[in-house]
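The values are calculated or read from the model by the stated rules, or taken from the named source; none is laboratory data. Just so you know, these numbers come straight off a predicted model, no measurement behind them. Glycine also receives a Cβ, built like all others from the backbone with ideal geometry; neighbour counts cover every protein chain displayed.
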Amino acid sequence: MNFFNYRNGELYCEDVKVRTIAGRTGTPVYIYSTRTLRRHYDVFKRAFAGTVPLICYSVKANPNIAIISLFSSMGAGADIVSGGELFRAVRAGVEGREMVYSGVGKTAGEIRSALKNDILMFNAESLEELDAVDAVAGGLGLKAPVSIRINPDIDPRTHPYISTGLKKNKFGIDIRYARDAYVYARSKPNLKIVGVDMHIGSQLTDVSPIVSALRRVLGLVRGLGRDGIDIRYMDIGGGLGITYKDEQAAQPDRYAGAIEGALKGFGVKLILEPGRVLVGNAGILATKVLYRKQNGTRRFMIVDAGMNDLIRPSLYDAYHEILPVIETSARRFQQDVVGPICESGDFFAHRRSLPLLERGQMIAVMSAGAYGFSMSSNYNSRKRAAEVLVDGEDYYVIRKRETDSDLTRGERIPSFIKVRSTDA
């Protein structure tokens, strides 16, 4: 459920007209609903009431510090994958002991920063990473808390680009060699083994692969116990999917029941890393129609947002519902909704039945709260969109639209190049 609805033929976010927000900020603009964010977190948390897990919001899904801070105020920690996400989480008020640090390529500087912020644990993904964490921790005179991310070789049945739990994926350590990896970690003087981690993919609509993977990893936990390696935390990652079109997304209570059933008898603290399921349907991208044209039998609606703003359709051929901001009885046609980027892959929809809108009218690209702004770029030297958070009748610009000067911030022309003009 979300709080984007039509009233008297006009699209609202909670109690504010989308048109009103776009009038102030311009387009394209990302708009998020606080009520939806709160509701999604509450539903997810209540589903796991029996185990009281640590819920670490997956910052990569939507890294705006206002969003991170909102979840933190409700009791969430943070799942981070970079030094930049650590910085954001700290700025948003997340305590270090409520952070888990995932990712295959942590640098020595990032490891050092995480240790200084006293994070809960590193989810290590290779033996050489364990060496690096041990070395940095030793230099600081600390014991680094670690878990090892296990690759259980389970097919998550999702898009191959967001599948992470198969042997061919770059993530984690093959479960066949996991016990040896833990024995290796135990030999390191500056490491403290505290957990086991897994994450098999994103946009998962069926809980059975997650449960299969968990049962396989719990078999490892039993073996580690026999080796004298006690596990305190079981991090099962995130990845629970949402409905973009007609997917039958697994409900949090069913997901929780399956996970809690598998964990019976194990004295471990559960860690969850939800991202998309919390923010995906809590945001939209509002964009304006620039032009319309027809090439033979193909009709095109050209809008002022592009693949640099929302890359999911281009990257994954992902479906996003598209709605007119003002409902209309205009005749519907099969149309390609495309942006201004100089790439044929710059599209939001192909052959979608939509009303024939006039120039200047707006559409809303729905379910854009996750992996929307977070994957945006300045390709074609386009300024990144503004972000707005709505709370009832009020709304707040939580990221200003970039300016021309933002595009060249940090760039310098070396002295050997003669600048012809500085008038621009």
Number of the exception - Tyr57 against (1) in the same structural domain as Asn308 (by TED's automatic domain parsing); (2) touching a residue at least 24 places away in the same chain (Cβ under 8 Å); (3) in a strand (DSSP E or B): (1)
Failed condition for Thr328, given (1) of a type outside the set (Lys, Arg); (2) out of contact with any helix residue (DSSP H, G or I) (no Cβ under 9 Å at 6 or more places or on another chain); (3) closer than 21 Å to Tyr6 by Cβ; (4) assigned to a strand (DSSP E or B): (4)
Qualifying residues in the range 75-103 (those that are of a type in the set (Asp, Glu) and crowded, with 18+ Cβ neighbours inside 10 Å) - the one farthest from the chain's Cα centre (by Cα): Glu98
Residue match in the range 53-74 (condition: in contact with a strand residue (DSSP E or B) (Cβ under 6 Å, 6 or more places away or on another chain) and either over 28 Å from Ser33 (Cα atoms) or charged (D, E, K, R) (or both)): no
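Inside the range 186-216, can you point out the residues that are over 16 Å from Val100 (Cβ atoms) and of a type in the set (A, V, I, L, M)? Quick ask: steps written out before the conclusion?
If we filter the range 186-216 for residues that are over 16 Å from Val100 (Cβ atoms), which is where we start, we get 186-190, 200-216.
Ile200, Leu204, Val207, Ile210, Val211, Ala213, Leu214 - these are the residues of the range 186-216 that are over 16 Å from Val100 (Cβ atoms) and of a type in the set (A, V, I, L, M).
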Single residue of Lys167, Lys143, Lys106 found to be modelled with pLDDT of 75 or more, surrounded by fewer than 22 Cβ atoms within 10 Å (Cβ to Cβ) and assigned by TED's automatic domain parsing to the domain that holds Ile242: Lys143
Near pairs, Cβ below 8 angstrom, 6+ apart or cross-chain, from the range 115-132 (assigned by TED's automatic domain parsing to the domain that holds Ala185) to any residue that is of a type in the set (D, E, K, R) and assigned to a loop (DSSP other than H, G, I, E, B): Phe122/Lys106; Glu129/Lys106; Leu130/Lys188; Asp131/Lys188; Ala132/Lys106
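Listed here are the residues, each with its yes/no results for (1) farther than 30 Å from Asp253 by Cβ; (2) of a type outside the set (Gly, Ala, Ser).
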| residue | (1), (2) |
| --- | --- |
| Arg39 | no, yes |
| Arg46 | no, yes |
| Gly50 | no, no |
| Leu54 | no, yes |
| Ser82 | yes, no |
| Ala124 | yes, no |
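Residues checked against (1) part of a loop (DSSP other than H, G, I, E, B); (2) closer than 23 Å to Gly275 by Cα:
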residue: Val90; (1), (2): no, yes
residue: Val94; (1), (2): yes, yes
residue: Arg97; (1), (2): no, yes
residue: Val100; (1), (2): no, yes
residue: Val104; (1), (2): yes, yes
residue: Glu110; (1), (2): no, yes
residue: Ala114; (1), (2): no, yes
residue: Glu129; (1), (2): no, no
residue: Ala132; (1), (2): no, no
Every pair of residues 6+ apart whose Cβ atoms lie under 7 Å, when the first sits in the range 212-237 and is outside the structural domain of Ile55 (by TED's automatic domain parsing) while the second is at pLDDT 95 or above and loosely packed, with under 13 Cβ neighbours inside 10 Å: none
Residue in the range 356-377 that is acidic (Asp, Glu) and in a strand (DSSP E or B) present: no
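Matching residues to (1) of a type in the set (Gly, Ala, Ser); (2) without any contact (Cβ under 8 Å) to a residue 12 or more places away in the chain; (3) surrounded by fewer than 19 Cβ atoms within 10 Å (Cβ to Cβ); (4) under 27 Å from Glu402 (Cβ atoms):
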| site | (1), (2), (3), (4) |
| --- | --- |
| Tyr291 | no, no, yes, yes |
| Leu310 | no, no, no, yes |
| Leu357 | no, no, no, yes |
| Ser367 | yes, no, no, yes |
| Ala370 | yes, no, no, yes |
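Conditions (1) modelled with pLDDT under 95; (2) crowded, with 16+ Cβ neighbours inside 10 Å; (3) over 30 Å from Met1 (Cβ atoms); (4) out of contact with any His (no Cβ under 8 Å at 6 or more places or on another chain), marked per residue:
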site: Arg384; (1), (2), (3), (4): no, yes, no, yes
site: Glu387; (1), (2), (3), (4): no, yes, no, yes
site: Glu393; (1), (2), (3), (4): no, no, no, yes
site: Glu411; (1), (2), (3), (4): no, no, yes, yes
Residue satisfying condition, being exposed (fewer than 15 other Cβ atoms within 10 Å of the Cβ) and β-branched (Val, Ile, Thr), within set Thr287, Thr297: Thr297
